[in-house]
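See below for the structure under consideration.
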Amino acid sequence: MPDAFAPLLSLNGQRLDEDALRPLALANFGHFTVMQVRNRAAQGLQFHLQRLQQATRQLFGSDLDEAALRAQLRQATEQQADCTLRLTVFSSAFDYRQPGKPCPPDVL
């Protein structure tokens, strides 16, 4: 059974350890949402997803894959039906020299 207080970390649906997270801390351009999950459900999920999609288009000129995102959310709640979930969208391909250039989003 996982430690109830240990964070579950994943990037684009792939599990990460804390060491792999350190370089991502330098990617300081993105947006996030936080939701309370109870019994594997989050109230107002559709509003979180709409806002994430809008902000991703505005910041990165690209769309989030909603089906993949929902699969990642299901994966994140497999072992804990009740949790606080923080979903961060950034782009490892973002270029500060060309901020208007479209780039694919990453989901942490």
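Can Ser10 be described as in a strand (DSSP E or B), at pLDDT below 90 and either within 12 Å of Leu108 (Cα to Cα) or open to solvent by 50 Å² or more (accessible area, probe 1.4 Å) (or both)?
For Ser10, the condition - in a strand (DSSP E or B), at pLDDT below 90 and either within 12 Å of Leu108 (Cα to Cα) or open to solvent by 50 Å² or more (accessible area, probe 1.4 Å) (or both) - is met.
Out of all the residues in region 28-67, which are part of a helix (DSSP H, G or I) and either under 19 Å from Leu9 (Cα atoms) or not polar (S, T, N, Q) (or both)? Give the derivation first.
Taking region 28-67 and keeping what is part of a helix (DSSP H, G or I), we get 45-60, 66-67.
The answer is Leu45, Phe47, His48, Leu49, Arg51, Leu52, Ala55, Arg57, Leu59, Phe60, Glu66, Ala67.
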### Query
Which one is farthest from Leu52 (Cα to Cα) among residues in region 63-108 that are of a type in the set (Ser, Thr, Tyr) and without any contact (Cβ under 8 Å) to a residue 60 or more places away in the chain?
Thr77
### Message
Any residue at all in region 18-37 that's surrounded by fewer than 14 Cβ atoms within 10 Å (Cβ to Cβ), in contact with an Asp or Glu (Cβ under 9 Å, 6 or more places away or on another chain) and modelled with pLDDT of 95 or more?
### Response
yes
### Message
For region 68-100: of the residues being in contact with a His (Cβ under 9 Å, 6 or more places away or on another chain) and over 15 Å from Arg15 (Cα atoms), which is modelled with the lowest pLDDT?
### Response
Phe90
#### Entry: Selection from region 68-87 of residues that are assigned to a strand (DSSP E or B) and either aromatic (Phe, Trp, Tyr) or open to solvent by less than 30 Å² (accessible area, probe 1.4 Å) (or both)
Cys83, Leu85, Leu87
### Summary
Only unsatisfied item for Phe60, checking (1) in contact with a Cys (Cβ under 7 Å, 6 or more places away or on another chain); (2) surrounded by fewer than 18 Cβ atoms within 10 Å (Cβ to Cβ); (3) not β-branched (Val, Ile, Thr), is (2)
### Message
Need the failing condition index for Ala55 against (1) touching a Leu at 6+ places or on another chain (Cβ under 9 Å); (2) surrounded by 12 or more Cβ atoms within 10 Å (Cβ to Cβ), just the number.
### Response
(1)
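The values are calculated or read from the model by the stated rules, or taken from the named source; none is laboratory data. Everything quoted here is computed from the prediction, not taken from an experiment. A quick note on method: Cβ atoms are made from the backbone with ideal geometry, for glycine too, and the neighbour counts reach across all protein chains shown. These area figures cover heavy atoms from the full protein model, side chains too; ligands, DNA and RNA do not enter into them. Shrake-Rupley method; radii C 1.70, N 1.55, O 1.52, S 1.80 Å.
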